[in-house]
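For reference, the structure discussed in these notes is given below.
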Amino acid sequence: MASYSKIVAMFFAGSVMLTVGISPTMAAMGMTSPSMGNPCHAVARNPCAVSKKIDKNLLIRPAGTKLMVRKRQTLIKEGQRLWHDKSLGTNGLSCDSCHHDHAAFRASFAKPYPHYVTMPGQQAGMKKIHLDEMIQFCMISSLAAKPLPWNSRKLAALTAYTKTVQKSFKPSAPMDSIKGNNPCHPNSMGKIRNPCQPKMANPCAAKR
Ligand code: HEC
């Protein structure tokens, strides 16, 4: 229950109250109070979006810091391992839990960095974000973790690997083709690997 509560705290706390009916997913999760603002709710704009604000200063790379330089292939290999590492964060998720087969990315991911990304835009007021900064955003917002040290090998490795993930990403990915951009929308069930589908290790799933 502890990890679930953490996730609930992270994804639900402070989120906008939704007053429309209760979805089956929500009922299955035992979340029958509409006041909880369920991110998987059919009318939620974004499943994983929280209204929780994130301090911009945690996301902006401090002037004078650089990503650690190592052989590209070495970093990619390490980054791939970290991408699947559930101990990177504190909520039992890995990057892959949400982003398997390019899930949960919006069309913005196809654009060269820096660019605008909805969630850090809404939650931290970032007008543009670099890839390493975006990874820090997901560390904080999605893995309930502290940002990685800017000069760390881990951040360099994740950035190198995520670049390879970006190369094979096509903007027609599910997140954009689903009504309301919501991968938790009931219509999306079965069409994509839905991060809110109860069977997956995911932020919106009921505890098994
Ligand atoms: C709980 C689910 C979740 C987890 C875990 C997660 N992310 Fe994300 N991530 C998202 C969502 C949702 C978006 C879409 C944000 C948007 O477009 O507003 C996203 C977007 C991104 C983007 C693309 C931003 C763009 O340019 O459009 C990158 C890169 C990214 N995540 C990297 C990572 C990395 C690396 C990890 C692991 C350290 C990670 N994510 C873990 C949910 C998650």
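The values are calculated or read from the model by the stated rules, or taken from the named source; none is laboratory data. Remember, predicted model here, so these are calculated numbers, not experimental data. Glycine also receives a Cβ, built like all others from the backbone with ideal geometry; neighbour counts cover every protein chain displayed.
Of all residues in the stretch 98-108 being of a type outside the set (A, V, I, L, M) and surrounded by fewer than 20 Cβ atoms within 10 Å (Cβ to Cβ), which is farthest from the ligand (Cβ to nearest atom)? Ranking the qualifying residues of the stretch 98-108, first place goes to 101. I'd like to know if the stretch 85-93 contains one or more residues that are in a helix (DSSP H, G or I) and either without any contact (Cβ under 8 Å) to a residue 60 or more places away in the chain or under 26 Å from residue 171 (Cα atoms) (or both). No; the residues of the stretch 85-93 include none that is in a helix (DSSP H, G or I) and either without any contact (Cβ under 8 Å) to a residue 60 or more places away in the chain or under 26 Å from residue 171 (Cα atoms) (or both).
The helices (runs of 4 or more DSSP H) found wholly in the stretch 130-208 and carrying at least 3 residues that are surrounded by 15 or more Cβ atoms within 10 Å (Cβ to Cβ), at pLDDT 95 or above and within 15 Å of the chain's Cα centre (by Cα) occupy 131-141, 153-167. Within the stretch 112-126, the set of residues being free of Cβ contacts under 8 Å to residues at least 24 places away in the same chain, more than 8 Å from the ligand (Cβ to nearest atom) and in contact with a helix residue (DSSP H, G or I) (Cβ under 7 Å, 6 or more places away or on another chain) comprises just one member, 116.
So that you can scan it fast, the table gives a plain yes or no per residue for (1) of a type in the set (Gly, Ala, Ser); (2) outside the structural domain of residue 166 (by TED's automatic domain parsing); (3) more than 7 Å from the ligand (Cβ to nearest atom):
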site	(1), (2), (3)
70	no, no, yes
76	no, no, yes
86	no, no, yes
96	no, no, yes
110	yes, no, yes
135	no, no, no
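Restricting attention to the stretch 71-87, the residues that are surrounded by 14 or more Cβ atoms within 10 Å (Cβ to Cβ) and in contact with a helix residue (DSSP H, G or I) (Cβ under 6 Å, 6 or more places away or on another chain) total 7.
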